[in-house]
Amino acid sequence: MIITAQDTAVVILSYNGKKWHELFLPLIVSESSSGYSVVVVDNASTDDTADYIRTQFPSVALLQIPVNKGFAHGYAEALKQISAKYYVLLSADFEVTPGWFGPLHHAMETIPGLAACQPKIRYWREREQFEYAGAAGGFKDNLGYMFCRGRILDEIETDTGQYNDNIEIFWASGGCLFVRAEAYHEVGGLDADFYAHMEEIDLCWRLKNAGYRIGYIGSSTVFHVGGSVISYGSPQKLFYNFRNSLVLLLKNETFLRLLWLFPFRLVLDGIAGLHFLLQGKRVECLTVIKAHFKFYGSLGTWLRHRKAARSIVSAAPNKAAIYKGSIIWQYFLKRKRRFDQLDWPVKPLS
């Protein structure tokens, strides 16, 4: 079955997400009059989510994935069945605000080369704070570590209007990702083998390598509950953080950079594991080791993914929004915990 949306399809992946739909779906549906269709993708829920959507929201299209193979797989399969100019990948535990859609859509329509963008993301429980997963836009440092404006590692800022601008970023949060459907499919879409965590960074990196731009639109705001798919700080989150970080580098970096960067990152991961062990965090140390062995055990798969990813790299990949230094060095040794302390200019979107 192919669902044909309006200009934009807001696609909400849901696993036992009825409680979030009760809270957040009414406003999402109400705001749809601004120009989008709503699609809920039920990722093999074991509760009555599907029946709830059918009875309470008849205007919402419902797709059902028969077997839950993870967050990335659910979206990857669903977007093959939706026809639209734009997709908005919106996690079930997001609260939108009145007027959230317009600035994002306007940016996609008017800014040359823009393949994807995100709004400002704040924390649902502490509503003046930025939220961990995306904040005010994502960046990458020279060693391949990811960070955000408004959230560097575990340091989260309060929103005082300091990031109300529109800028170019390296990656946009998968929790509320506005993406051009043609560009999404051109670069191969979400990689289902990521399972969960960082799959949107991988997509954005491929879009950048293909020459596209990624944007942050500060005039649109949404709120994220957070941790409802994989709990923050859990061994599962740690596992995917370490394993998928390695996959990101292998798939998307140039061969010459991988020659020195990959071994260096392996050393840094070893130091991180040793640090956990010295702190008495045995489970965390074993999780880092497990992540590495799982990565090596699937190396053939990841090399095939790299071949596909490198095949779409343009003659002029977009290297904007890459911090030339080390965010780890700045955070731990120079004690720079806020984005504005990096003394690094961002590139406006126009």
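Couple of notes before you dig in:
- Within a Gaussian network of the chain (alpha carbon springs, distance under 10 Å), most fluctuating of Ala133, Ala210, Ala315: Ala315
- Put a plus charge on the Cβ of each Lys and Arg, a minus charge on the Cβ of each Asp and Glu, and nothing anywhere else: the dipole of the chain about its Cα centre is then about 1360 debye.
- When the trypsin sites (Lys or Arg not before Pro) in the range 80-126 are filtered for DSSP coil states and for at most 13 other beta-carbon atoms within 10 Å of their beta-carbon, the remaining sites are Lys80, Arg125.
- Residues of the chain were split at every exposed loop site, defined as GluC sites (Glu not before Pro) in a DSSP loop with at most 12 other C-beta atoms within 10 angstrom, and the longest piece left, sites excluded, is 129-350.
- For the chain, the relative contact order comes to 19 percent (Cα pairs under 8 Å, sequence separation of at least 6).
- Taking the fewest neighbouring Cβ atoms within 10 Å as the starting point, the ordered list for Leu258, Leu89 is Leu258, Leu89.
- For the range 125-217, relative contact order (Cα pairs under 8 Å, six or more residues apart, normalised by length) works out to 30 percent.
- When the chain is described by a simple charge dipole with +1 on each Lys and Arg Cβ and -1 on each Asp and Glu Cβ, the residue from Phe239, Phe295, Trp344 located farthest towards its positive end is Phe295.
- Among the chymotrypsin sites (Phe, Trp or Tyr not before Pro) within the range 207-310, those in coil by DSSP and having at most 14 neighbouring Cβ atoms inside 10 Å are Tyr232.
- The phi torsions of the range 329-338, fed into the Karplus equation with coefficients 6.51, -1.76 and 1.60 and a -60° offset, translate into couplings of 4, 5, 6, 8, 9, 9, 6, 8, 10, 10 Hz, rounded to whole numbers, with Gly and Pro shown as x.
- The chain: angle of helix 255-278 to the longest principal axis, Cα-based, in degrees nearest 10: 90 degrees
- Contact order normalised by residue count of the range 224-331, Cα under 8 Å, 6+ apart, percent: 33 percent
- Within a straight-line Cα-Cα reach of under 21 Å, Lys18 can be paired with the following lysines, leaving aside sequence neighbours fewer than 8 residues apart in one chain: Lys69.
- Hull volume per residue, based on the alpha-carbon atoms of the range 255-350 and their convex hull, is 158 Å³.
- Helix-only mean residue ellipticity at 222 nm for the chain, each DSSP H run of n ≥ 4 adding -39500 (n - 2.57), per residue, nearest 500: -11500 deg cm²/dmol
- Three-way shape label, the range 159-234, alpha-carbon gyration tensor, a/c 1.5: oblate
Where a number appears in this text, it was derived from the coordinates with a stated rule and is not lab data. Note that the structure is predicted; figures quoted are calculated from it, not measured. Every residue, glycine as well, gets a Cβ built from its backbone with ideal geometry; the counts of neighbours run over all protein chains shown.
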